[in-house]
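The values are calculated or read from the model by the stated rules, or taken from the named source; none is laboratory data. Nothing here was measured: the structure is a model prediction, and the numbers come from that model. No Cβ is skipped: glycine too gets one built from the backbone with ideal geometry, and neighbour counts run over all protein chains shown. Accessible surface areas use protein heavy atoms only, side chains included; no ligands, DNA or RNA. Shrake-Rupley method; radii C 1.70, N 1.55, O 1.52, S 1.80 Å.
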Amino acid sequence: MTDVLKNYMNYLSNREITKETAAEAKYVLASCAELPETLSNPVITEEEKHNIITELFPIELQPFVEMVCDDHNAELLDETLSEYINLCIEKLGSIRAVVRYVTPLTGNQQQELENFIMEKFGKNHVEIEYRKDPDIIGGFILSAGDYEYDRSYRAGIKQMREALMHKAAHYNDEAKSANRGFGEKDIISVLKSEINDFDRKSGSTETGFITTLGDGIARVYGMNHVMYGELVEFETGVRGIVQNIEEKSIGVVLLGSDHGLTEGSIVTRTGKRAGVGVSDALLGRVVDALGSPIDGQGEIAAEDYFPIEREAPGVIDRKSVSVPLQTGILAIDSMFPIGRGQRELIIGDRQTGKTAIAVDTIINQRGQDVICIYVAIGQKSSTVAQVVNNLRKYKAMDYTIVLSASASDPAPFQYIAPYSGTAMAEYFMSKGKDVLIIYDDLSKHAVAYRAMSLLLHRPPGREAYPGDVFYLHSRLLERSSRLDDEHGGGSITALPIIETLAGDVSAYIPTNVISITDGQIFLESELFFSGVRPAVNVGLSVSRVGGAAQTKAMKKVSGTLRIDLAQFREMEVFTQFSSELDQSTADLLDHGRKLMELLKQPLYSPMPHHEQVVLLYAASHGYLKDVPLKEVRTFCKELISHINTYAPTIFDEIDTTKALSDELAEKLDLAVKDFKE
């Protein structure tokens, strides 16, 4: 409860405003939907507002309402009155209850119900609201305090249905194990046994009720034992996640439409943390943030349930990153290697090829026994569809899951999407698999969290982001790791994407994520528009794992690559106004330009490891020196084709040994010389 709200509550309490008067004023606000907006409209004068208040509100409350409007806090009126009514009920030693029924209760039944509630909760008075609800079919549902007692026929039918489904699944499994079909006789026996043995389970569930609702956020009174991050269920069947826990209420973000929900609607605890159903059947599918399919290919049978929020593996459970995860992009694999279990940030301005690098990396995992998960956050649906089509085109969907929380989805869906994707990744990691997960992008994820937090009335900090926005991404990315053999030996490699504005890597969210990850690949707009693609900036990009995630062959041929490119960049700037150059400078510039040309790579064309090694060997040993700049790419393509035709054992040996021995280097020299002749 904010200080402003407390002050208003004290004002009402000091003037001994009755509960009935506050309820009457609340009814006025509920009856006139446009009234709060009118009272907060700056165009309308204070005098006009005071006239409206005099006509509509009870005389005892008019000074209070005028004061709130003069403070420009008219939007707090409804919440203040709700809190004050609850305070009055508590002071009276009373309790509020709601009874939903189909057939009205008799006088005796009502009296028995009152006595039961007063005895159960130790109160000397109870206020019962009776609501007719044909949907419950028969019986009644009592909601009192934080608990709900369900004696409705609907609940009984639901329990029987669940029991039947469980029993049918059991019979079906037995039939499969006996190598026979599940026939009509089995169905009849299930029905008979379940109906005969059915015992109606009745009990209480902890509940609360909505006090305010709007913009996908519900403030709920009650449920004193609810957990942070717990799933709660509204009476329309829509679920929500608990995000704020305050003294007398909780803030819940809705995972669906609020249609049919109003103030007073019942909310029930599920006792479960938010999670997603996981199974191998997810591979090749496109799902939403809750794991439900959105590709029109039918339901996905879940084998297990993984919570979306989970503690990251401890240091003792991990082992060092040493196995490379090849992206197929020569500029990255040679200079900024990524290892399995690493977190490498892809950062750059809009339209600089960030998603292209991620998709190329997924395509390059074909045949590498790596599960890929692409999480699209806040993207256009058409953009996600294009990514899916490209993955299908290059036969990468067989080992890939695409999880989409598009720009049209509510902020809570965009908020939980990367956590849901990580839960799916942890399922495969727990089975000893290597997983690659891409978050595209965490900038939009932070914006969605900011929107959600502001609606939850969390105080904004720097750049209007809440203070825990760093923890938002750190607890997500820390879950990417490589487990030791005792814990299955699986790994999660994360490639988060961050979009910068005008190349500003020192902004709030980029600096946060840079400090969490194990390196970054910085894509520069100027390079991209000048035709250098992928537009990797060699100076600002880094991998903190480095050579530990490279093969011996790659380490040997790429040793001087970064230094050569850095010298070329420096010399190019220094000599751009010079008309005459000495031979050594001219050679350095020529070598640098040919390296830049070598590192250019077409879209969706990842390069196998053995081809990368051969081309870098040719470049580092001077075989490109007499090749004209415009013919470098043609030379490389024809060289690979020549070795593949006349000396394929070179490729096989590189792939098998992952090293470049002296004997293999001699064979490679002979093959390149033979090609040049």
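Of note:
- Residues satisfying the stated conditions in the stretch 661-677, i.e. open to solvent by less than 50 Å² (accessible area, probe 1.4 Å), closer than 14 Å to Tyr617 by Cα and assigned to a helix (DSSP H, G or I): Leu664, Ala665, Leu668, Asp669, Ala671, Val672
- Glu233 meets the stated requirement of being outside any loop (DSSP other than H, G, I, E, B), open to solvent by 50 Å² or more (accessible area, probe 1.4 Å), at negative phi and touching a strand residue (DSSP E or B) at 6+ places or on another chain (Cβ under 9 Å).
- Subset of the stretch 353-369 [touching a Lys or Arg at 6+ places or on another chain (Cβ under 9 Å) and either within 23 Å of Met596 (Cα to Cα) or not acidic (Asp, Glu) (or both)]: Gly353, Ala356, Ile363, Arg366
- Scan the stretch 212-223 for residues that are buried (at least 18 other Cβ atoms within 10 Å of the Cβ) and part of a strand (DSSP E or B) and the total you get is 7.
- Residue match in the stretch 461-476 (condition: surrounded by fewer than 22 Cβ atoms within 10 Å (Cβ to Cβ) and under 25 Å from Met335 (Cβ atoms)): no
- Against the list (1) crowded, with 21+ Cβ neighbours inside 10 Å; (2) part of a loop (DSSP other than H, G, I, E, B), the condition Arg458 fails is (1).
- From the list Met118, Met67, the lone residue that is in a helix (DSSP H, G or I) and in contact with a His (Cβ under 8 Å, 6 or more places away or on another chain) is Met118.
- Residue within the stretch 317-328 that is open to solvent by less than 10 Å² (accessible area, probe 1.4 Å), of a type in the set (Gly, Ala, Ser), in contact (Cβ under 8 Å) with a residue 60 or more places away in the chain and in contact with a Pro (Cβ under 6 Å, 6 or more places away or on another chain) present: yes
- Flag if Val513 is within 29 Å of Gly214 (Cα to Cα) and either of a type outside the set (Asp, Glu) or open to solvent by 30 Å² or more (accessible area, probe 1.4 Å) (or both): no
- Of all residues in the stretch 364-384 being of a type in the set (Ser, Thr, Tyr) and open to solvent by 10 Å² or more (accessible area, probe 1.4 Å), the one that is nearest to Gln612 (Cα to Cα): Thr383
- Complete set of residues in the stretch 298-316 that are open to solvent by less than 40 Å² (accessible area, probe 1.4 Å) and within 21 Å of the chain's Cα centre (by Cα): Ile300, Phe306, Pro307, Ile308, Ala312, Pro313
- Scanning the stretch 363-375 turns up no residue that is in contact (Cβ under 8 Å) with a residue 12 or more places away in the chain, farther than 29 Å from Gly503 by Cα and assigned to a helix (DSSP H, G or I).
Listed here are the residues, each with its yes/no results for (1) more than 19 Å from Pro466 (Cβ to Cβ); (2) among the hydrophobic types (A, V, I, L, M, F, W, C); (3) under 22 Å from the mean Cα position of the chain (by Cα); (4) open to solvent by 10 Å² or more (accessible area, probe 1.4 Å).
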site	(1), (2), (3), (4)
His225	yes, no, no, yes
Ile241	no, yes, yes, no
Glu247	yes, no, no, yes
Val267	yes, yes, no, no
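- Answer residue from the stretch 106-126, given it is among the hydrophobic types (A, V, I, L, M, F, W, C) and out of contact with any Asp or Glu (no Cβ under 9 Å at 6 or more places or on another chain) and is surrounded by the most Cβ atoms within 10 Å (Cβ to Cβ) among those: Ile117
- Residues being open to solvent by 50 Å² or more (accessible area, probe 1.4 Å) and either of a type in the set (Asp, Glu) or under 23 Å from Ala358 (Cβ atoms) (or both) - total across the stretch 564-599: 6
- Members of the stretch 520-542 found to be under 17 Å from Pro496 (Cα atoms), in contact with a helix residue (DSSP H, G or I) (Cβ under 9 Å, 6 or more places away or on another chain) and open to solvent by less than 20 Å² (accessible area, probe 1.4 Å), listed by number: Ile521, Leu523, Val536, Ser541
- When Asp215, Asp258, Asp288, Asp280 are checked against the criterion of being closer than 20 Å to Glu79 by Cα and in contact with a Phe, Trp or Tyr (Cβ under 9 Å, 6 or more places away or on another chain), a single residue qualifies: Asp258.
- Hits in the stretch 345-361 (condition: open to solvent by less than 10 Å² (accessible area, probe 1.4 Å) and closer than 13 Å to Asp440 by Cα): Leu345, Ile346, Ile347, Gly348, Ile357, Ala358, Val359
- Any hit, the stretch 640-657, residues being in a loop (DSSP other than H, G, I, E, B), open to solvent by less than 60 Å² (accessible area, probe 1.4 Å) and at positive phi: no
- Residue list for the stretch 600-632, filter: basic (Lys, Arg) and either surrounded by 15 or more Cβ atoms within 10 Å (Cβ to Cβ) or modelled with pLDDT under 90 (or both): Lys600
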